[in-house]
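Report on the structure given below.
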Amino acid sequence: MPKASELKKGHVVEINGTLYVVKKMDVHSPSSRGAQTLYKVRFNQVPHGGKYEETFIGTDMIKQASLERRQVSYLYREDDLLTFMDQDDYSQYTLNEETIADEIDFISDGMAGITILLVEGSPIGIELPTSIIMDIVECIPGMQSASATGRTKPARCSNGYELQVPEYMKEGDKVKVNTETGKFMSRV
């Protein structure tokens with residue numbers, strides 16, 4: 001059983017007999033001596049998607065759910081359902097768009113390296129790699145005399161995701177994007 005201080009985004013825990021996946025954590029460190037650090041955690045209920053929020057102190061013990069992780073690749077989308085295929089036994093798993101709302105912007109056709117989370121054989125969510133490479137298909141031209149300042153401009157990637165990139169980037173360039181923050185990391 002992990003402590004509240006050891007929780008990370010994507011962990012699946014059991015609270016009062018219900019499974020939740022950690023979506024966001026805020027750490028509040030009080031300035032007074034002797035006060036304990038508080039961990040405000042936002043959960044999504046799985047598989048139904050309800051939201052839940054609770055505050056823990058660092059030493060609170062939380063029951064971790066038993067779950068299986070499988071490597072999958074993205075196959076196709078039909079209405080609001082996304083289908084993934086297991087890399088080992090070729091079985092297919094379908095997830096609702098609401099269940100993976102935070103990750104959906106980074107998924108592209110044929111994408112591999114995705115980990116699906118299974119509880120008792122049923123999919124409850126996915127984990128993406130910490131960074132992915134995307135192609136820029138549309139962005140405004142940069143200035144020829146652009147200086148070394150940190151100015152950015154909007155760019156659209158091949159899967160429709162929009163992000164801010166440095167001014168020197170152009171259409172056709174490949175970028176490395178952090179899937180946790182959704183921000184530009186580097187040019188590839």
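Rule-based calculations on the coordinates, nothing more; no lab input. Just so you know, these numbers come straight off a predicted model, no measurement behind them. Cβ: placed from backbone, ideal geometry, glycine included. Neighbour counts: every protein chain shown.
A simple count of charges around Asn16, restricted to other residues whose Cβ falls under 11 Å of its Cβ and scoring Lys, Arg +1 and Asp, Glu -1, yields -1. Contact order for the chain, expressed relative to its length and based on alpha carbon pairs under 8 Å spaced 6+ residues apart, stands at 14 percent. State log₁₀ I(q)/I(0) for the range 131-187 at q = 0.17, 0.20, 0.26 Å⁻¹ as given by the Debye formula over alpha-carbon point scatterers of equal weight, solvent excluded. Listed by q, the Debye log ratios stand at -0.48, -0.65, -1.06. Summing charges over neighbours of Phe43, with a neighbour being any other residue whose Cβ is under 15 Å away from its Cβ, gives +1 when K and R count +1 and D and E count -1. Sorted fewest first by neighbouring Cβ atoms within 10 angstrom, Leu38, Leu128 come out as Leu38, Leu128. When only alpha carbons of the chain are considered, Rg and Dmax amount to 19.6, 61 Å.
With K and R counted +1 and D and E -1, the other residues having a Cβ less than 15 Å from that of Phe106 yield a net charge of -3. Within the range 3-112, the trypsin sites (Lys or Arg not before Pro) that combine a DSSP coil assignment with at most 14 other C-beta atoms in a 10 angstrom radius are Lys8, Lys9, Arg33. Partners of Lys51 within straight-line reach, counting lysines whose Cα lies under 28 Å from its Cα and excluding those fewer than 8 residues away in the same chain: Lys3, Lys8, Lys9, Lys23, Lys24, Lys40, Lys63, Lys183. Pairs of Cα atoms in the range 4-64 fall into 10 Å distance bins, from 0 up to the last occupied one, in shares of 23, 53, 18, 5, 0 percent.
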